[in-house]
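**Q** Sharing a structure here in structure tokens format.
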Amino acid sequence: AQIKLNATYGLTGTLPAVSAANLTSIPAANLTGALPAISGASLTGISGGKVLQIQHTKHTTYRNVTSDSFVSCITVTITPASSSNTILVLGACYIGAGAVDTSVNSRVIRVVSASDVATQVLNDITGYSGNTERFEGTGSAFQWHDSPATTSAVTYDFRICSAADISSVVYNNYLVNGNQSSQITAMEISA
């Protein structure tokens with residue numbers, strides 16, 4: 001037997017709470033409020049390109065380089081979850097010179113198992129500053145979308161050297177009008 005209620009004729013009171021376990025379709029217009037946190041493990045139809053992890057390094061102390069061989073200035077290490085994933089490396093390193101007309105070379109090196117595996121050569125920076133001045137606080141911003149093809153720890157190493165002669169002095173994180181900080185970030189991108 002079924003009992004039909006007509007709300008027009010005096011349906012009053014509070015309805016009991018009901019479960020939504022058997023609901024199969026809810027119009028979007030009827031959804032309000034905050035949704036609970038859910039796992040995305042079963043989601044399908046989502047292409048690659050998601051950021052899986054981010055590693056970041058920052059330092060504010062300057063480093064004296066008097067060599068015409070490349071010297072490590074700042075590094076970041078990341079361990080990819082899959083060998084098919086790529087790494088996006090972003091950085092900004094501040095460079096100055098303590099000698100006139102000094103040229104500075106810079107590059108980022110991929111290091112795996114203590115071996116230099118690949119090199120991203122960056123733009124060289126040259127200071128033509130006359131007899132007494134020097135160029136200061138030049139920002140060397142860079143990016144590298146790398147495919148290391150490994151699940152071993154990968155270190156990205158920003159290096160600089162004096163290109164003119166060994167007596168030239170190059171500073172990483174040279175202090176100009178306050179403390180400039182060099183930073184490098186590595187982001188793992190899913191395939």
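The values are calculated or read from the model by the stated rules, or taken from the named source; none is laboratory data. From a predicted model like this one, the values you see are computed outputs, not experimental measurements. Counting neighbours? That spans all protein chains shown, and the Cβs are built from the backbone with ideal geometry, glycine included. Ligands, DNA and RNA are excluded from the accessible area calculation, which covers all protein heavy atoms including side chains. Shrake-Rupley method; radii C 1.70, N 1.55, O 1.52, S 1.80 Å.
**Q** Can you give me the number of residues within the range 48-84 that are over 17 Å from residue 143 (Cβ atoms) and in a loop (DSSP other than H, G, I, E, B)?
**A** 16
**Q** Okay, next question. Within the range 141-191, how many residues are at pLDDT below 75 and under 20 Å from residue 119 (Cα atoms)?
**A** 3
**Q** Give 45, 13, 49, 40 a once-over and let me know the one that is under 29 Å from the mean Cα position of the chain (by Cα), on the phi > 0 side of the Ramachandran plot, open to solvent by less than 90 Å² (accessible area, probe 1.4 Å) and at pLDDT below 75.
**A** Working: 13 fails: under 29 Å from the mean Cα position of the chain (by Cα); 49 fails: at pLDDT below 75; 40 fails: on the phi > 0 side of the Ramachandran plot.
Of 45, 13, 49, 40, the one residue that is under 29 Å from the mean Cα position of the chain (by Cα), on the phi > 0 side of the Ramachandran plot, open to solvent by less than 90 Å² (accessible area, probe 1.4 Å) and at pLDDT below 75 is 45.
**Q** Can I ask one more? Residue check, residue 132 against (1) at pLDDT 75 or above; (2) among the polar types (S, T, N, Q); (3) assigned to a loop (DSSP other than H, G, I, E, B), all met but one. Which one?
**A** (1)
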